[in-house]
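Any read-out appearing in this document is the output of simple, stated calculations on the displayed coordinates, not a laboratory observation. Nothing here was measured: the structure is a model prediction, and the numbers come from that model. Note: ideal-geometry Cβ built from the backbone for every residue, glycine included; neighbour counts use all protein chains shown.
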2 protein chains.
Amino acid sequence: MAWDTAKTRQLLLDAAVGEFAEHGPQGARVDRVAAKAGVNKERIYQYFGGKQQLFGAVLTQELEKLAAAVPLDAGLAADPGEYAGRVFDYHSAHPHFVRLLHWEGLQAGDDQVAAEAQRAVHYADKVAALTAAQHAGTLGDEIPPAELLYAVIALAGWWFSTPQLARMIMAGAADDSPRTRREALVRLVRKLTA
Amino acid sequence: MAWDTAKTRQLLLDAAVGEFAEHGPQGARVDRVAAKAGVNKERIYQYFGGKQQLFGAVLTQELEKLAAAVPLDAGLAADPGEYAGRVFDYHSAHPHFVRLLHWEGLQAGDDQVAAEAQRAVHYADKVAALTAAQHAGTLGDEIPPAELLYAVIALAGWWFSTPQLARMIMAGAADDSPRTRREALVRLVRKLTA
DNA sequence: CCAAATTCCAACTCGCTGGTTGGAGTTTGG
DNA sequence: CCAAACTCCAACCAGCGAGTTGGAATTTGG
């Protein structure tokens with residue numbers, strides 16, 4: 001039987017996504033990741049170097065997935081409201097993503113994070129697209145593009161990053177469901193770009 | 001010399017704020033809290049019951065501080081933009097608050113959190129104030145009040161909850177400082193309530 | 001076909017950390 | 001004034017968990 005090291009690696013990575021999203025870099029247990037992957041934990045040290053590097057690898061992978069799933073210009077420039085809605089949909093389907101992002105933020109503070117340079121380019125591209133749309137006149141230009149991007153990301157993500165707050169704020173609302181939350185988000189962003 | 005148990009308690013609580021904000025409930029070290037407070041760690045177990053309960057006590061205390069520092073109607077209803085600015089200022093001066101909030105959110109998930117009922121009332125009051133201002137016509141009424149409150153909180157807090165993202169998004173900006181970030185925030189909220 | 005290199009695993013180490021304990025000092029109530 | 005109750009502390013402990021190791025199985029390259 002041939003070795004399939006790529007598969008073993010991927011098995012670990014996929015198991016680690018859930019573990020890290022749920023418990024964070026501190027709370028995650030190396031043994032649990034290995035068990036869930038059905039692999040010996042020593043593999044983690046051979047392939048990734050350690051728990052922290054595995055966390056970095058997980059983050060990089062998930063970042064790429066998001067970038068692929070909600071592409072740069074899928075209506076972004078033309079209609080940021082709908083783009084925000086798509087980001088919301090992605091978060092709904094993959095709730096671990098925002099969690100990973102926040103674990104990273106809480107842990108790293110002002111330190112550089114994994115793949116920071118590449119990720120910065122990614123955002124710069126989006127800002128450029130928004131700038132172009134403003135010049136073309138398909139988008140209101142009252143809000144500077146970087147700030148607009150910031151707003152979209154923050155508004156789409158906050159529901160998931162502090163669910164307890166979202167719950168309390170919406171406690172009085174007539175009905176509070178993912179659907180109405182998405183509508184609220186789109187409404188907010190549309191208003192910003194009116 | 002008389003015992004001053006209240007002071008000892010407070011010493012621990014204050015030391016714990018920093019420790020929990022920086023490292024989270026998992027990463028926080030009981031010994032470090034005790035050392036910083038200049039108190040024996042056994043006191044934590046007598047006064048609070050354990051690490052987790054201490055975390056709850058810290059959260060409750062800081063929540064009250066924020067509520068006191070950025071009062072309900074200090075210009076909120078009349079000018080949500082400026083209110084958002086004040087929240088931003090508070091976060092700048094007390095960066096541990098947002099961090100605590102997010103650690104709570106990441107840990108609790110969909111479970112009830114400490115003092116949830118009281119906190120919900122707190123937000124309901126704010127929503128009511130916004131509703132009144134909309135009825136009075138001092139505030140645009142395109143955005144439902146709860147959603148507006150959500151937006152203010154999310155936009156003011158995101159800078160601090162994922163500093164790595166904020167850094168990357170703003171990487172291309174002419175200058176990126178607390179001052180310009182605050183201005184961006186106010187601009188965004190003003191646009192929402194125009 | 002054999003030897004070097006690589007993958008895999010069970011078992012181990014060992015420092016760390018939350019929590020405990022026993023007792024000494026201090027206050028309080030009667 | 002004395003005994004019960006409470007505050008405080010140094011030392012202790014048990015188990016958990018990241019990382020290691022030694023060697024067996026498997027592959028590869030010559």
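Listed values, structure above:
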quantity: Output for the range A:111-150, where each listed residue is free of Cβ contacts under 8 Å to residues at least 40 places away in the same chain and either at the interface with chain B (Cβ under 7 Å from one of its Cβ atoms) or under 17 Å from residue A:87 (Cα atoms) (or both); calculated: A:116, A:120, A:123, A:124, A:127, A:142, A:146, A:147, A:149, A:150
quantity: Of residues in the range A:158-194 being touching a His at 6+ places or on another chain (Cβ under 7 Å) and within 7 Å of chain B (Cβ to nearest Cβ), the one farthest from residue B:146 (Cα to Cα); calculated: A:161
quantity: Flag for residue A:70 being away from chain B (no Cβ under 14 Å), more than 16 Å from DNA strand D (Cβ to nearest atom), closer than 23 Å to residue A:148 by Cα and among the β-branched types (Val, Ile, Thr); calculated: yes
quantity: The one condition in (1) within 16 Å of DNA strand D (Cβ to nearest atom); (2) of a type in the set (S, T, N, Q); (3) within 30 Å of residue A:187 (Cβ to Cβ) that residue A:92 fails to fulfil; calculated: (1)
quantity: Qualifying residue in the range A:3-25 (condition: more than 12 Å from DNA strand D (Cβ to nearest atom), in contact with a Phe, Trp or Tyr (Cβ under 6 Å, 6 or more places away or on another chain), part of a helix (DSSP H, G or I) and of a type in the set (Lys, Arg)); calculated: yes
quantity: Filtered residue count, the range B:85-126, keeping only those that are within 13 Å of residue A:171 (Cα to Cα), surrounded by 19 or more Cβ atoms within 10 Å (Cβ to Cβ) and not basic (Lys, Arg); calculated: 1
quantity: Residue tally, condition on the phi > 0 side of the Ramachandran plot and within 14 Å of chain A (Cβ to nearest Cβ), over the range B:1-47; calculated: 1
quantity: Every pair of residues 6+ apart whose Cβ atoms lie under 7 Å, when the first sits in the range A:35-54 and is within 8 Å of DNA strand C (Cβ to nearest atom) while the second is among the β-branched types (Val, Ile, Thr); calculated: A:39/A:8; A:41/A:30; A:43/A:8
quantity: Count of residues meeting criterion [within 13 Å of DNA strand D (Cβ to nearest atom), surrounded by fewer than 16 Cβ atoms within 10 Å (Cβ to Cβ) and in a helix (DSSP H, G or I)] in the range B:37-57; calculated: 3
quantity: Residues of the range B:60-76 that turn out to be part of a loop (DSSP other than H, G, I, E, B) and either acidic (Asp, Glu) or at positive phi (or both), as a count; calculated: 2
